[in-house]
Amino acid sequence: MYTKKVENRKDLHVWIFFPYFVCKSNPIQMKKIISTISIYTCFCFAIMAQTPNQTIWYEQPANNWNEALPIGNGRLGAMVYGAFPNETIQFNEESLWAGCQTQSDADARTSLKTIQQLLLDGEIAKAAALAEESLKSAPLRIRSYQPVGDITIQYAGSPAGRRGEYPGYRRQLDLETGIATSTFELDGIGITQEVFISAVNDVIGIRISSNQAGKLNFKLSLSRKQDASVNVTGNNEITLTGQIVDLPKRDASPAGMYMKFAARAAGYHKGGSLTTVNNSFFVENADEAVFYITAATDYNLSILNFDRTIDPIQKCETILSQVKNKPFDTVKSDHIKDHMALFNRVSLNLYDEMNSTQPTNKRLEAVKNGTDDKGFTTLLFQYGRYLLMNSSRKPGILPANLQGIWNQEFDAPWNADFHTNINIQMNYWPAEVCNLSESFLPLNNLINALRIPGRITAEKTYNSTGWTMNHLTDVFGRTAISDGVGWGTYPMAASWLVLHQWEHYLFTKDLHYLREAWPVMKEAADFVLNFIIRDKNGKWVTAPSNSPENRYRLPTGETFMLTYGATKDIQLIRELFNACIKAGNLLGDDKKYLTRLLSVIKDLPPTKVSPRYGIIQEWIEDYEEVEPGHRHMSQLFGLYPGSEITPANKTLFEAAKKTIERRQEYARQGQGSSPGWSKAWLINFYARLGNGDAAWHKAVELQRERILFNLFTDHPPFQIDANFGFTAGIAEMLIQSHQDNLISLLPALPKAWDKGEVKGLKARGNITVDMKWENNRLTAATLVAAYDCIIQVKYNDRTQKIALKSGIANPIDIRK
């Protein structure tokens, strides 16, 4: 019987039409076989309809970078085109950046109090003018994350079919194994190309094989468009070496020669010959060839700078020496085992997989044209998990940037930086709930490292203690105001980042981790304590600050970004100080300090509702919005990812709904924009509001408007945060645990998800949750806690207190 994996759906036609070719001369035998196959085919399609497909696949090569398929191991990333006869695999190393470490903080200590008082007095124009003089850093801008280079493969032979036709071709990315495979024919010879990036061995692995012995002929080369050269370094090795050379650029770091880097490739063959020449491997008449490639820089996270004691070439040699004697199948199987151990922690099935028989691009096109495809949603959900675990994990040490780890540009959009006014935070929204807690640790590394430059920013620019930063950073630890005073003055970024440390504790209950994170959290709180000032009503407020990237209009018609006491600032302080009080109590910290935090919380301005529009005010005054459909909805931080706006406060809860409605209405009228990440945020908002149908509508809207050919999300251009925000939003529709000691099951289940099953999601408290539902009603739920605990579980309007024992599966029945 035909036993190929069901996911290889395109091969079913071979089985279905097999009797015609074999038995066309025997009608009776043919009829029997057709009857058998009809039953089997129905069975196969029934299985397909029930089994989530976790493969992205196409019937043609990638024409550009946004059609290529991403692979990674947290430190290395690559985009595989699957092209023939000329293949490209563009690759990255997480730390390769242009620029250098600069001390750029503006010294505003003598002018800060004047700026603050002008803001409080309503003299906004004067405050803004003085801020332009006093707060502007030099240099004002950072430089870009850069690619290592390209692996190109020139295959000998001609493809079958006419130009633009690819008979017998398939390329795919198996999310479950992390392997990109392409199969094609040249001169009638079948060729298979497999590519993956092993976290176990820290290498890009490539195997090229043919279905005919001695027929494999190609040239594999390493190259980089600038600042590098490639040389033969052995009988079977070539090495790329380089150093970033920065030309003069307005407002950027000084020109000069900076980060050093290297990449090394080792090649092996079975049959025929392999020769190293120039920048290439020349393979002739082989049965199979294998290549291991790695890359390194002289970057040192502990000093947030390049380190000339580090030799990138030696690092590459050390890495490759550990795989040179390993069979490829061992390297591959070790990779698969490691990858699957993370990826398979969570499964989601919405029982709608019939469209997965279609190539992914056709499936996406159908969704964009109005087809409902819940199976595509589950694929995109898992793709977000796949992208996070492959751009943020060991052996990597740095967090996912605006493009994860994948970038082909030497001057990337927004420099592919770490944007800290929502984007890097959104990158990590799915980390804990989607059972990839380890993926947060690279962000934790960066947060800890930023304390040192952040102390200078706190002191020089904001005349405070503790540490802080503004709206972006890079691998060199930029914490100063960047890109302009209006845009860049965002002193609450550190407060938001350390809340992710608190969330990591809440989800893991790792008290050892909390002890390590507590000084970082406390120092961020120290900054706030010594930065805030009393306003005219005696309330504690921030000044200066902004509501990220948005502007307000005064009655005079003047518009500004700079402000005091922006709603998001106050919500962040409330969230941070409450977290610090809980952490401090757990760790037995100074009670006087915790009492001080509590007293400040009591004197913070409340989150206000506009008397004119009934919406959450974005600023402390009820200013008119310049762009009422703005992409940022910062005043709703307290709804998500914060925990201030809940059904318990009906006034704020209803105002949050109106805020979202108004923003979207104006965006539809063209008075705003709705990039991919903004749409993803809306999914999470609606999930917190308990409106599953609206959340689903936004999820579908994102799929129809902001998904690229390879399923990357589009700002535009490509920006990865929406991939992660989408995945977090789907999880938030299924489980919520942000209210103290309460787990809500299926809190925002849309009518369209009438039947489903999810396994492996995490709730705060380190509780793993599995659920099934039919006819839009919960039918089974199982909770497994890592520690003994007593919790409350809510489904619909019913809440039940439950005692959980560590490591024991606890079936929960609160379905009435």
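The values are calculated or read from the model by the stated rules, or taken from the named source; none is laboratory data. Being a predicted model, the structure only gives us computed values, none of them experimental. Cβ atoms come from the backbone with ideal geometry, glycine included; neighbour counts cover every protein chain shown. We work out accessible area using only protein heavy atoms, side chains counted, and drop any ligands, DNA or RNA first. Shrake-Rupley method; radii C 1.70, N 1.55, O 1.52, S 1.80 Å.
Would you confirm, using the coordinates I've provided, whether Gln664 is touching a strand residue (DSSP E or B) at 6+ places or on another chain (Cβ under 9 Å), under 20 Å from Glu549 (Cβ atoms), open to solvent by 10 Å² or more (accessible area, probe 1.4 Å) and without any contact (Cβ under 8 Å) to a residue 40 or more places away in the chain? The answer is yes for Gln664. Scanning the stretch 187-213 for residues that are of a type in the set (A, V, I, L, M, F, W, C) and either in contact with a Lys or Arg (Cβ under 9 Å, 6 or more places away or on another chain) or buried (at least 21 other Cβ atoms within 10 Å of the Cβ) (or both) returns Ile189, Ile191, Val195, Phe196, Ile197, Ala199, Val200, Val203, Ile204, Ile206, Ile208. The strands (runs of 3 or more DSSP E) located wholly in the stretch 268-314 that include 3 or more residues which are under 21 Å from Val232 (Cα atoms) and open to solvent by 30 Å² or more (accessible area, probe 1.4 Å) occupy 273-277. Scanning the stretch 685-728 for residues that are among the small types (Gly, Ala, Ser), part of a helix (DSSP H, G or I), free of Cβ contacts under 8 Å to residues at least 60 places away in the same chain and under 25 Å from Ile767 (Cα atoms) yields one hit, Ala695.
Within the stretch 208-228, is even one residue in contact with a His (Cβ under 8 Å, 6 or more places away or on another chain) and assigned to a strand (DSSP E or B)? No, the conditions are met nowhere in the stretch 208-228. Close Cβ contacts (under 6 Å, 6 or more residues apart or on different chains) running from residues in the stretch 54-77 that are of a type in the set (Phe, Trp, Tyr) to residues that are surrounded by fewer than 20 Cβ atoms within 10 Å (Cβ to Cβ) and not in a loop (DSSP other than H, G, I, E, B) comprise Tyr58/Asn361. Number of residues in the stretch 791-808 that are open to solvent by 60 Å² or more (accessible area, probe 1.4 Å), touching a residue at least 24 places away in the same chain (Cβ under 8 Å) and under 23 Å from Asn435 (Cβ atoms) equals 3.
Exactly one residue out of Thr461, Thr468 is under 27 Å from the mean Cα position of the chain (by Cα) and of a type outside the set (D, E, K, R): that is Thr468. Does the stretch 615-628 hold any residues that are touching a Ser or Thr at 6+ places or on another chain (Cβ under 9 Å) and surrounded by fewer than 18 Cβ atoms within 10 Å (Cβ to Cβ), and which are they? Of everything in the stretch 615-628, those that are touching a Ser or Thr at 6+ places or on another chain (Cβ under 9 Å) and surrounded by fewer than 18 Cβ atoms within 10 Å (Cβ to Cβ) turn out to be Glu621, Asp622, Val626. The number of residues in the stretch 315-326 that are closer than 24 Å to Ala98 by Cβ and open to solvent by 30 Å² or more (accessible area, probe 1.4 Å) comes to 1. One residue stands out in the stretch 629-655 among those that are farther than 16 Å from Leu572 by Cβ and under 28 Å from the mean Cα position of the chain (by Cα): the one that is most open to solvent (accessible area, probe 1.4 Å), namely Arg631. Could you tell me whether the stretch 773-781 includes any residue that is in contact with a His (Cβ under 8 Å, 6 or more places away or on another chain) and surrounded by 22 or more Cβ atoms within 10 Å (Cβ to Cβ)? No - not one qualifying residue is present in the stretch 773-781. For the stretch 409-468, filtering for residues that are farther than 17 Å from Tyr145 by Cα, touching a His at 6+ places or on another chain (Cβ under 8 Å) and either aromatic (Phe, Trp, Tyr) or open to solvent by 20 Å² or more (accessible area, probe 1.4 Å) (or both) leaves 3.
Please specify each residue of the stretch 659-684 satisfying the condition of being part of a helix (DSSP H, G or I) and over 22 Å from Phe376 (Cβ atoms). Hits for the stretch 659-684 are Thr659, Ile660, Glu661, Arg662, Arg663, Gln664, Glu665, Tyr666, Ala667, Arg668. Asn421 - would you say it is under 30 Å from Ser111 (Cα atoms) and part of a loop (DSSP other than H, G, I, E, B)? So Asn421 fits the description; yes. Residues that are modelled with pLDDT of 95 or more, of a type in the set (A, V, I, L, M, F, W, C), touching a Ser or Thr at 6+ places or on another chain (Cβ under 7 Å) and not in a helix (DSSP H, G or I) are absent from the stretch 369-382 altogether. Criterion applied to Phe328, Phe376 was being of a type in the set (Phe, Trp, Tyr) and under 23 Å from the mean Cα position of the chain (by Cα), and the one residue passing it is Phe376.
Inspect the stretch 541-553 for any residue being open to solvent by 10 Å² or more (accessible area, probe 1.4 Å), over 25 Å from Met469 (Cα atoms) and over 33 Å from the mean Cα position of the chain (by Cα) and give the result as yes or no. For the stretch 541-553, residues open to solvent by 10 Å² or more (accessible area, probe 1.4 Å), over 25 Å from Met469 (Cα atoms) and over 33 Å from the mean Cα position of the chain (by Cα): present. Screening the candidates Pro453, Pro395 for the property of being under 26 Å from Tyr258 (Cβ atoms) and either assigned to a loop (DSSP other than H, G, I, E, B) or in contact with a helix residue (DSSP H, G or I) (Cβ under 8 Å, 6 or more places away or on another chain) (or both) yields one hit, Pro395. Would you mention how many residues in the stretch 736-782 are of a type in the set (A, V, I, L, M) and closer than 22 Å to Asn578 by Cβ? Number satisfying all stated conditions: 4.
Filtering Arg171, Arg109, Arg143 for residues that are under 32 Å from the mean Cα position of the chain (by Cα) and farther than 30 Å from Ala289 by Cβ leaves a single hit, Arg143.
Could you list, in sequence order, all residues of the stretch 329-348 that are surrounded by 18 or more Cβ atoms within 10 Å (Cβ to Cβ) and in a loop (DSSP other than H, G, I, E, B)? Arg345, Val346, listed by residue number. Tallying residues that are under 22 Å from Gly638 (Cβ atoms), at pLDDT 95 or above and not in a loop (DSSP other than H, G, I, E, B) within the stretch 535-567 yields 5. Do the conditions hold for Lys326, that is, is it in a helix (DSSP H, G or I) and farther than 22 Å from Leu761 by Cα? No. Between Gln669, Gln719, the distinction of being surrounded by fewer than 20 Cβ atoms within 10 Å (Cβ to Cβ) and polar (S, T, N, Q) belongs to Gln669 only.
Scan the stretch 457-472 and give yes if some residue there is basic (Lys, Arg), assigned to a helix (DSSP H, G or I), within 24 Å of Asp590 (Cβ to Cβ) and out of contact with any Gly (no Cβ under 9 Å at 6 or more places or on another chain), otherwise no. No, every residue in the stretch 457-472 fails to be basic (Lys, Arg), assigned to a helix (DSSP H, G or I), within 24 Å of Asp590 (Cβ to Cβ) and out of contact with any Gly (no Cβ under 9 Å at 6 or more places or on another chain). Taking strands (runs of 3 or more DSSP E) that do not extend beyond the stretch 748-816, which have at least 3 residues that are at pLDDT below 95, closer than 27 Å to Leu342 by Cβ and not charged (D, E, K, R)? Passing ranges, in order: 809-812.
Listed here are the residues, each with its yes/no results for (1) more than 30 Å from Pro628 (Cα to Cα); (2) not acidic (Asp, Glu).
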site: Asn463; (1), (2): yes, yes
site: Ile481; (1), (2): no, yes
site: Arg515; (1), (2): yes, yes
site: Asp526; (1), (2): yes, no
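For the stretch 252-261, the criterion of being under 30 Å from Ile189 (Cα atoms) and at pLDDT 95 or above is met by no residue.
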